[in-house]
Every structure is written in C-alpha cells, then in structure tokens.
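Participant: The structure follows.
The values are calculated or read from the model by the stated rules, or taken from the named source; none is laboratory data. Every value quoted in this text rests on a predicted model; they were computed, and no experiment measured them. As a convention, Cβ positions derive from the backbone with ideal geometry for all residues, glycine included, and neighbour counts pool all protein chains shown. Note: accessible area is taken over every heavy atom of the protein model, side chains too, but ligands, DNA and RNA are not part of it. Shrake-Rupley method; radii C 1.70, N 1.55, O 1.52, S 1.80 Å.
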Amino acid sequence: MVVIGSADRDPGLQPDRTALAWRRTTLSAAATTVALLHIPTVHGDRAASLTLVPMAVLLLAITYISHRRGRSLRRGTQGMTGHHAGLIALLVTATAVAAAATAAFAR
C-alpha cells in the first residue's frame with residue numbers, strides 16, 4: 001500500500017504537465033510583451049508608452065520566473081516556494097492594474 005506523500009509515491013506525468021504549463025505561461029507572457037511594445041513604437045503614442053512599457057517590464061519578470069520554474073520542474077525539483085508564488089501573484093496584479101490604466105488612457 002502506498003501512502004500519499006510517502007517517498008515511494010510515483011508522481012507519474014504530473015511534473016511534466018506542470019512544466020509544460022509553465023512553458024505556456026512563459027511563451028504567452030513573452031508574446032504579450034512583444035505585442036505591447038509594438039504599439040508605442042509603431043504608432044508613436046507617448047501616452048500609451050507610459051503604461052505599456054511598465055506593463056511589458058512586469059510581463060518580462062513573469063516570463064523570467066515562469067521559465068525558471070519550468071526548468072526546475074524538468075530537472076526534478078518539486079514545489080514552489082511561497083516567495084515565488086507571492087511574487088507571481090504580485091506581478092500579475094500589477095500587470096492587471098497597468099492594463100486598466102492603459103484602458104483608461106485610451107478613452
């Protein structure tokens with residue numbers, strides 16, 4: 001009988017699925033960053049760059065953390081520290097605030 005949480009527990013494919021989810025997060029944050037930086041450079045909208053550039057920096061931080069997390073999962077390191085989880089939550093919240101500010105300036 002295998003007790004949940006014991007050292008003999010077979011994790012199956014769960015770490016691989018989680019690593020792939022972090023890779024998707026990395027790619028989507030990077031693609032969004034490129035799209036956001038495209039707007040002020042092409043249209044020359046300085047007002048939009050006041051909110052889009054900080055939002056792009058936040059997304060780059062999310063990209064970096066996501067990449068590191070996915071890489072650690074592929075190496076076999078389990079678990080996310082509370083520090084990393086809190087940092088991701090803070091960055092996502094800050095990105096949402098910057099997106100709301102961008103929408104308010106666009107009107």
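Participant: Can you find a residue in region 39-48 that is modelled with pLDDT under 75, assigned to a helix (DSSP H, G or I) and touching a Pro at 6+ places or on another chain (Cβ under 6 Å)?
Facilitator: yes
Participant: Return the residue satisfying two criteria in turn: it lies in region 49-70 and is closer than 25 Å to H84 by Cα and small (G, A, S), and of such residues it is modelled with the lowest pLDDT.
Facilitator: Out of the qualifying residues, it is G70.
Participant: Please state which of the following conditions A103 fails to meet, knowing it meets all the rest: (1) open to solvent by less than 60 Å² (accessible area, probe 1.4 Å); (2) farther than 30 Å from P15 by Cβ; (3) in contact with a helix residue (DSSP H, G or I) (Cβ under 8 Å, 6 or more places away or on another chain).
Facilitator: (3)
Participant: OK, next. For region 49-70: of the residues being crowded, with 21+ Cβ neighbours inside 10 Å and more than 11 Å from the chain's Cα centre (by Cα), which is nearest to T95 (Cα to Cα)?
Facilitator: M55
Participant: Give the residues of region 27-48 that are within 15 Å of the chain's Cα centre (by Cα), of a type in the set (G, A, S) and surrounded by 15 or more Cβ atoms within 10 Å (Cβ to Cβ), sorted by residue number.
Facilitator: Across region 27-48, the qualifying residues are A29, A30.
Participant: Restricting attention to region 14-25, which residues are modelled with pLDDT of 80 or more and either β-branched (V, I, T) or outside any helix (DSSP H, G or I) (or both)?
Facilitator: The answer is T25, and nothing else.
Participant: Inside region 80-95, can you point out the residues that are open to solvent by 60 Å² or more (accessible area, probe 1.4 Å) and either outside any helix (DSSP H, G or I) or without any contact (Cβ under 8 Å) to a residue 12 or more places away in the chain (or both)?
Facilitator: M80, T81, G82, H83, L90, T93
Participant: Answer yes or no as to whether V42 is out of contact with any helix residue (DSSP H, G or I) (no Cβ under 9 Å at 6 or more places or on another chain) and either β-branched (V, I, T) or in contact (Cβ under 8 Å) with a residue 12 or more places away in the chain (or both).
Facilitator: yes
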